[in-house]
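Below you'll find the structure, written out as structure tokens, and then a few comments.
The values are calculated or read from the model by the stated rules, or taken from the named source; none is laboratory data. All values derive from a computational prediction rather than experimental measurement. A quick note on method: Cβ atoms are made from the backbone with ideal geometry, for glycine too, and the neighbour counts reach across all protein chains shown.
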Amino acid sequence: MTTKAFQKIYTKIDNITKATVTLRATGVGNDELATVGGHLAQVVKIMGDQVTLQVFEGTEGISTDAEVLFHGVPPTLKVGDGLAGRFFNAYGEPLEGGAPVEGEEREIGGPTVNPFRRRQPSELIATGIAGIDLNNTIVSGQKIPFFADPDQPYNQVMANVALRAKADKIILGGMGMTNDDFLYFKNLFENAGVLDRIVCFVNTTENPPVERLLVPDMALTAAEYFAADKGEKVLVLLTDMTLYADALAIVSNRMDQIPSKDSMPARSTRILQRSTRRLCSCHRVVRLPSSL
Amino acid sequence: MKTTGKVQGIISNIVIVRTEGAVSQNEICYITIGDVKLMAEVIKVIGKDAYVQVFDSTRGLKIGAIVEFEGHMLEATLAPGIISRNYDGLQNDLERMESLFIERGTKTDPIDYEKLWDYKPLAKVGDVVTAGDWLGEVKELWVDHKIMVPFVMEESYTVKSLTEAGQYNVNKVVAVLTDSKGEDHEVTMVQKWPVKKAIKGYVSKPRPSRIMETGVRAIDTFNPIADGGTGFIPGPFGAGKTVLQHAISKQAEADLIVMVACGERANEVVEIFAEFPHLDDPRTGHKLMERTTIICNTSNMPVAAREASVYTGMTIAEYYRAMGLKVLLLADSTSRWAQALREMSNRLEELPGQDAFPMDLSSIISSFYARAGLVHLRGGATGSVTFLGTVSPAGGNLKEPVTESTKKAARCFYALSQQRADSKRYPAIDPLDSYSKYLEYPEIVEYLDGHIENGWVKNVMEGKTLVRRGKEAAEQINILGDDGVPVEYHEMFWKSELVDFVILQQDAFDDIDANCPIERQKFMFDFVMEVCRKQYGFVEFEECSAFFKNLINLFKQLNYTVWQSEEFAKYESEIRSIVASK
């Protein structure tokens, strides 16, 4: 994301809401990334020359003369073997320092799998939990939601499933996870000696909620790389989808969209479905703690 | 001269286009982005601005992009070679897409334009014909695929010339027709039809007068669906909607099956892709895939194409109906389609109706269900489209708007109950909540009298009453305790359990029990009713359960045994002797 020499810098923002800014700009593509006063943002609406940007970190402290730079590309993730064993934030930047991952830059949320090219799921993933294995078997290539109340030990169950499943890679997408839970996962994976099989994209409760919107697509892009390009078995854990949906509602609300059912945006159903897009050889476990 | 326009605004997959000329509602247009073209449909026009819904991702689209309007609505291509294809919602052939991922803007031909077909003419020179009349036929797999006067040619025409029998591809002109003004029209084997309009081209649409066998006892015996009828299956998550639909698609007594996977999980479709080419159709001996066409817009594919997918499926079904075939259209699930409608309505900032669905949801659903039906064609043949949709009510709430609107439109209602699914009583069709309005049709009653046995519907009603009284008895027993009620209550309860276990429950994974032909259903139902009509005069309630548990076990063995085999006869006589001895 280096600044190109001929790039146009805008310095006049017309409107600022809690999550979005609107300004006049031309030649901007839909879904494109931008930087607003040093904060990362994404184009969510274009009306003539009025461009609306969703600022991931929130608009606190952004002034009407902040510098706005358009990157000309949608969010991407560099995929490569170097992803394994690393922890990233919602933008795909390594946490705890370390060198950025080298590899091919891929758009997140890209094209969908041709259903005709899928294989029929038939392989059991043994979790060692009788309630799952005997009654509600997880099959390789399936997606399974876990519904739970906040007082239930869902993260422990998911971590158990992750460790026992014979997957080559485990991708953890944490949305609105508490720092304690994040450290729980991290320590557990470290102690189990499986760090080299783990890729983590984490948005904790300390981070701005809107950033969460990037996490599922980041995790799935990495998963698709390992599954489709490398032919590995990948297990994806996304926790927790309710907080993800909350972030969608926040953005839609701040853009003055008409709320749909239960004040969720109308598109939430589709996004949830899309975010659980699966690959033929990719395991996936998704947690949806409340009924949606 | 095509109308063109420029992109003026983008809100997710709604694009606002400033047009330079006339556009019509629901017209198709293509938006150029780089070297691909994205298909879109006009859904609202305000002044010079057309609001279009894009059937693909609008990522990277910029203001000023060129838009070309096509001058027609979304159309299906109708020609030989549709059966056993796997399409997406816009009728792109998925099998022809080579890559694992579907790249944006990928288009493939719905049919093979090169393939040669054995054509022979059916009409004669000088015949007066109109839309839907048969001009010739080709052999598509095992189907006599009729080449018809295109449905758009609704006037009266005279056949001027016909091509001789021979091998041709679909673009061959097979007939020249002259209209009343003396102008000639060339007809090929391919025609196009806007999917949102119903195909007419038939003489009349009578009330359905016969039932369509599905091999599922809870449907055929208790709540049969008519050939040319409509029905729907609402059921909460995990209640077995898809397994039931798959069973019906395998066993139904139809010539062709069109399956629309609308917003469902892709793995469910993969099962059909993987299994159907190998399974035999028990009725004809052909492979199941040779009678099945799949339209697949799974949950991860573009949402706007979902609406298109159900219409494309219906159009294909209507096309084959016009050839005099019995077509069964299955859509899984119409709720996802309604969600797509809700999303669009929200984007257009329309005021929301109940549960934020658009206000016209009910009329959209009923006009769609109205396209099914039995038709008399010119020339005497009949064809039918039977439509069975599933609905996934959020949280299993059968009072939500999609279920309620569908209930008004469909004639059969197969309520899957969570309670039955939880107690592993499959198929989880609730015998008391479900209904079939066809049992009230005098035509159907007469048909069942003639084809099954005299007084069949009366017997079925008696069976339903038995189940209802059994449930009431069970509630009384629960409240008052086992010995707080008369023994007859226990007897009544166990008789209803017998009907439940033997008739209503069916093992979809057992080769024999999975598919129960109507003759066997008649035997089993009559047999069970015969046993239930007898008053046993138990003294202690404990006797009751032991007696009926034994009977249920034997009856279940009967269900798992080959029809009228020696073993079958053995179980039958064992049951009879037990019943007689008491």
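Going through B:Gly353, B:Gly379 one at a time, which residue ends up being more than 14 Å from chain A (Cβ to nearest Cβ) and surrounded by fewer than 16 Cβ atoms within 10 Å (Cβ to Cβ)?
The conditions single out B:Gly379.
Could you identify the single residue in B:Ala304, B:Ala308 that is in contact with a strand residue (DSSP E or B) (Cβ under 9 Å, 6 or more places away or on another chain), within 12 Å of chain A (Cβ to nearest Cβ) and either closer than 19 Å to B:Asn92 by Cβ or small (Gly, Ala, Ser) (or both)?
Exactly one of B:Ala304, B:Ala308 is in contact with a strand residue (DSSP E or B) (Cβ under 9 Å, 6 or more places away or on another chain), within 12 Å of chain A (Cβ to nearest Cβ) and either closer than 19 Å to B:Asn92 by Cβ or small (Gly, Ala, Ser) (or both), namely B:Ala304.
With the condition being within 14 Å of another protein chain (Cβ to nearest Cβ), within 30 Å of A:Ile198 (Cα to Cα) and among the acidic types (Asp, Glu), I'd like the strands (runs of 3 or more DSSP E) fully within region A:23-94 carrying at least 1 qualifying residues. Lay out the reasoning, then the answer.
Working: elements: A:33-36, A:39-47, A:50-55, A:68-70, A:76-79, A:86-88.
Counting at least 1 such residues, we get no strands (runs of 3 or more DSSP E) at all.
Among the candidates A:Ile108, A:Ile46, which residue alone is farther than 21 Å from A:Lys169 by Cα and either in the same structural domain as A:Leu214 (by TED's automatic domain parsing) or crowded, with 18+ Cβ neighbours inside 10 Å (or both)?
A:Ile46
Got a sec? Which helices (runs of 4 or more DSSP H) wholly within region B:234-324 have at least 1 residues that are β-branched (Val, Ile, Thr) and modelled with pLDDT under 90?
Passing ranges, in order: B:241-251, B:266-275.
Does region B:60-109 hold any residues that are small (Gly, Ala, Ser) and farther than 25 Å from B:Glu20 by Cβ, and which are they?
Selection gives B:Ala76, B:Ala79, B:Gly81, B:Ser84, B:Gly89, B:Ser99.
Please go through region B:1-38 and pick out each residue that is under 31 Å from the mean Cα position of the chain (by Cα) and polar (S, T, N, Q).
Result: B:Asn13, B:Ser24, B:Gln25, B:Asn26.
Residues B:Lys205, B:Lys124: which one is of a type in the set (Lys, Arg) and exposed (fewer than 14 other Cβ atoms within 10 Å of the Cβ)? Spell out how you get there, then give the answer.
On the way: B:Lys205 fails: exposed (fewer than 14 other Cβ atoms within 10 Å of the Cβ).
Going through B:Lys205, B:Lys124 in turn, just one is of a type in the set (Lys, Arg) and exposed (fewer than 14 other Cβ atoms within 10 Å of the Cβ): B:Lys124.
Name the one entry in B:Ala79, B:Ala40 that is more than 11 Å from chain A (Cβ to nearest Cβ), over 27 Å from B:Thr3 (Cα atoms) and either in contact with a helix residue (DSSP H, G or I) (Cβ under 9 Å, 6 or more places away or on another chain) or of a type in the set (A, V, I, L, M, F, W, C) (or both).
On inspection, the qualifying residue turns out to be B:Ala79.
Here is a yes/no grid of residues against (1) surrounded by fewer than 16 Cβ atoms within 10 Å (Cβ to Cβ); (2) in a helix (DSSP H, G or I); (3) modelled with pLDDT of 95 or more:
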position	(1), (2), (3)
B:Arg468	yes, yes, yes
B:Asp483	yes, yes, no
B:Asp511	yes, no, no
B:Ala514	yes, no, no
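Out of the residues in region A:115-162 that are among the basic types (Lys, Arg) and not in a loop (DSSP other than H, G, I, E, B), state the one that is farthest from B:Leu94 (Cα to Cα).
Across region A:115-162, the extreme among qualifying residues is A:Lys143.
Which of the residues spanning region B:270-292 are in contact with a helix residue (DSSP H, G or I) (Cβ under 8 Å, 6 or more places away or on another chain), touching a residue at least 60 places away in the same chain (Cβ under 8 Å) and under 20 Å from B:Leu244 (Cβ atoms)?
Once the filter is applied, which keeps residues that are in contact with a helix residue (DSSP H, G or I) (Cβ under 8 Å, 6 or more places away or on another chain), touching a residue at least 60 places away in the same chain (Cβ under 8 Å) and under 20 Å from B:Leu244 (Cβ atoms), region B:270-292 yields B:Phe273, B:Pro282, B:Thr292.
Yes or no: region A:192-199 includes at least one residue that is modelled with pLDDT of 90 or more and either closer than 15 Å to A:Tyr91 by Cα or surrounded by 24 or more Cβ atoms within 10 Å (Cβ to Cβ) (or both).
For region A:192-199, residues modelled with pLDDT of 90 or more and either closer than 15 Å to A:Tyr91 by Cα or surrounded by 24 or more Cβ atoms within 10 Å (Cβ to Cβ) (or both): present.
Looking at B:Thr386, is it assigned to a strand (DSSP E or B), in contact with a strand residue (DSSP E or B) (Cβ under 6 Å, 6 or more places away or on another chain) and crowded, with 20+ Cβ neighbours inside 10 Å? It would help to see each step written out before you state the result.
Details: assigned to a strand (DSSP E or B): yes; in contact with a strand residue (DSSP E or B) (Cβ under 6 Å, 6 or more places away or on another chain): yes; crowded, with 20+ Cβ neighbours inside 10 Å: yes.
It is true that B:Thr386 is assigned to a strand (DSSP E or B), in contact with a strand residue (DSSP E or B) (Cβ under 6 Å, 6 or more places away or on another chain) and crowded, with 20+ Cβ neighbours inside 10 Å.
Can you say whether B:Gly229 is over 18 Å from B:Asn515 (Cβ atoms), more than 14 Å from every other protein chain (Cβ to nearest Cβ) and either touching a helix residue (DSSP H, G or I) at 6+ places or on another chain (Cβ under 7 Å) or surrounded by 21 or more Cβ atoms within 10 Å (Cβ to Cβ) (or both), as far as the supplied structure shows? Talk me through it step by step, then tell me what you get.
On the way: over 18 Å from B:Asn515 (Cβ atoms): yes; more than 14 Å from every other protein chain (Cβ to nearest Cβ): yes; either touching a helix residue (DSSP H, G or I) at 6+ places or on another chain (Cβ under 7 Å) or surrounded by 21 or more Cβ atoms within 10 Å (Cβ to Cβ) (or both): yes.
Yes; evaluated as a whole, the condition is true for this residue.
Only one of these conditions is not met by B:Phe368: (1) outside any strand (DSSP E or B); (2) farther than 28 Å from B:Gly240 by Cβ. Which number is it?
Single failed check for B:Phe368: (2).
Answer with yes or no whether B:Ile233 is hydrophobic (A, V, I, L, M, F, W, C), touching a Lys or Arg at 6+ places or on another chain (Cβ under 8 Å) and over 25 Å from A:Arg119 (Cβ atoms). So that I can check it myself, show each step before the final result.
Working: hydrophobic (A, V, I, L, M, F, W, C): yes; touching a Lys or Arg at 6+ places or on another chain (Cβ under 8 Å): yes; over 25 Å from A:Arg119 (Cβ atoms): yes.
Yes: the conditions hold for B:Ile233.
Kindly provide the set of residues from region B:254-295 that are away from chain A (no Cβ under 14 Å) and either of a type in the set (A, V, I, L, M, F, W, C) or touching a Gly at 6+ places or on another chain (Cβ under 8 Å) (or both), ordered by number.
Result: B:Ala254, B:Leu256, B:Ile257, B:Val258, B:Leu288.
Say whether the condition of being under 30 Å from B:Gly263 (Cα atoms) and either among the hydrophobic types (A, V, I, L, M, F, W, C) or assigned to a strand (DSSP E or B) (or both) is met by at least one residue in region A:178-198.
Looking for residues that are under 30 Å from B:Gly263 (Cα atoms) and either among the hydrophobic types (A, V, I, L, M, F, W, C) or assigned to a strand (DSSP E or B) (or both), one finds none in region A:178-198, hence no.
Please work out which one of (1) within 13 Å of chain A (Cβ to nearest Cβ); (2) more than 25 Å from the chain's Cα centre (by Cα); (3) at positive phi; (4) in contact (Cβ under 8 Å) with a residue 40 or more places away in the chain is the condition B:Val54 fails and give its number.
(3)
Got a sec? Which of A:Arg212, A:Arg274 is within 10 Å of another protein chain (Cβ to nearest Cβ) and either at pLDDT 55 or above or outside any strand (DSSP E or B) (or both)?
Among A:Arg212, A:Arg274, only A:Arg274 is within 10 Å of another protein chain (Cβ to nearest Cβ) and either at pLDDT 55 or above or outside any strand (DSSP E or B) (or both).
To keep it simple, each residue is scored yes or no on (1) surrounded by 13 or more Cβ atoms within 10 Å (Cβ to Cβ); (2) at negative phi; (3) hydroxyl-bearing (Ser, Thr, Tyr).
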| position | (1), (2), (3) |
| --- | --- |
| A:Val21 | yes, yes, no |
| A:Gln54 | yes, yes, no |
| A:Asp65 | no, yes, no |
| A:Asp81 | no, yes, no |
| A:Phe87 | yes, yes, no |
| A:Gly98 | no, no, no |
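Rundown of residues vs (1) away from every other protein chain (no Cβ under 14 Å); (2) out of contact with any Lys or Arg (no Cβ under 6 Å at 6 or more places or on another chain); (3) at pLDDT 75 or above; (4) within 18 Å of A:Val236 (Cβ to Cβ), yes/no style:
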position: A:Pro115; (1), (2), (3), (4): no, yes, yes, no
position: A:Glu123; (1), (2), (3), (4): no, yes, yes, yes
position: A:Gly128; (1), (2), (3), (4): yes, no, yes, no
position: A:Ile138; (1), (2), (3), (4): no, yes, yes, yes
position: A:Gly141; (1), (2), (3), (4): no, yes, no, yes
position: A:Gln152; (1), (2), (3), (4): yes, yes, yes, no
position: A:Val157; (1), (2), (3), (4): yes, yes, yes, yes
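Of all residues in region B:517-569, count the ones that are hydroxyl-bearing (Ser, Thr, Tyr) and within 26 Å of B:Gln251 (Cα to Cα).
Here the count works out to 3.
Working only within region B:222-233, note down all residues that are in a strand (DSSP E or B) and of a type in the set (A, V, I, L, M, F, W, C).
Result: B:Ile225, B:Ala226, B:Phe232, B:Ile233.
I need a count of the residues in region B:435-453 that are assigned to a loop (DSSP other than H, G, I, E, B) and surrounded by fewer than 21 Cβ atoms within 10 Å (Cβ to Cβ).
So the answer is 2.
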